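Here is the structure we will look at.
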Amino acid sequence: MVGIIMGSASDLNVMNEAAAVLQKLGVTYELNIVSAHRTPERMFEYAKSAHERGIRVIIAGAGGAAHLPGMVASLTALPVIGVPVKSSNSIDGWDSLLSIVQMPNGVPVATVALNAAQNAGILAAQILGTHDQELFKRLVAFKEELKTKVLKSVEELKA
């Protein structure tokens, strides 16, 4: 199971992309709003109890100062994937990206591109797929679909 969290409801359009790809791959997930700045106690409780609730990977999306992924990673031994979100208060997304990717040694956060929640979902599934052969097979098929789509575009371009 994957926990998908975000700093505010305004991040939902981006973070739904992670949920969509996980659903396509047959991976269960929960979706929640957990603000590092406005509800720090909720964030602590979420991160500390995630493993006990069956969460195996956390995807955390945040814009602006984007402390959520790093703070969650500091509170759990679970892998955390950060999604920098270009929000209304963002400096073109750079503040979010740098806040997530520039973590100190000992507190890693895997970080995807700006607004790339779909990649975060795929990465979470790949992490889980290392110990789940059926999920691994679905991931192989997913990658094959991507290849087929590109090859179809090549043929259409030639025509």
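The values are calculated or read from the model by the stated rules, or taken from the named source; none is laboratory data. Please read all numbers here as calculations on a predicted model, not as lab measurements. Ideal geometry is used to build each Cβ from the backbone, glycine not excepted, and the neighbour counts take in all protein chains shown.
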_Any chance residue 97 is in a helix (DSSP H, G or I), out of contact with any Asp or Glu (no Cβ under 7 Å at 6 or more places or on another chain), under 30 Å from residue 145 (Cα atoms) and of a type outside the set (Lys, Arg)_ = yes
*asked:* Can you report the number of residues in the range 25-51 which are out of contact with any His (no Cβ under 8 Å at 6 or more places or on another chain), within 17 Å of residue 10 (Cα to Cα) and part of a loop (DSSP other than H, G, I, E, B)?
replied: 4
_What are the pairs with Cβ atoms under 8 angstrom where one residue, in the range 80-91, is in contact (Cβ under 8 Å) with a residue 60 or more places away in the chain and the other, located anywhere, is charged (D, E, K, R) and buried (at least 19 other Cβ atoms within 10 Å of the Cβ)? Sequence gap at least six, or different chains._
85/11; 87/11
*Looking for whichever is assigned to a strand (DSSP E or B) and on the phi < 0 side of the Ramachandran plot here; the options are 55, 59. Which one fits?*
59
_Candidates 75, 25, 31 - the one that is aliphatic (A, V, I, L, M) and in contact with a strand residue (DSSP E or B) (Cβ under 9 Å, 6 or more places away or on another chain)_ = 31
*residue 83 being within 14 Å of residue 8 (Cβ to Cβ) and either among the aliphatic types (A, V, I, L, M) or at pLDDT 95 or above (or both)*: yes
_Going by what's in this entry, would residue 51 be described as touching a Ser or Thr at 6+ places or on another chain (Cβ under 9 Å) and exposed (fewer than 15 other Cβ atoms within 10 Å of the Cβ)?_
yes
*Just checking, which of 120, 141, 110 is under 20 Å from residue 86 (Cβ atoms), of a type outside the set (Val, Ile, Thr) and without any contact (Cβ under 8 Å) to a residue 60 or more places away in the chain?*
110
*Test residue 93 against the criterion of being at pLDDT 95 or above, crowded, with 17+ Cβ neighbours inside 10 Å, of a type outside the set (Ser, Thr, Tyr) and closer than 17 Å to residue 11 by Cβ, and give yes or no.*
no
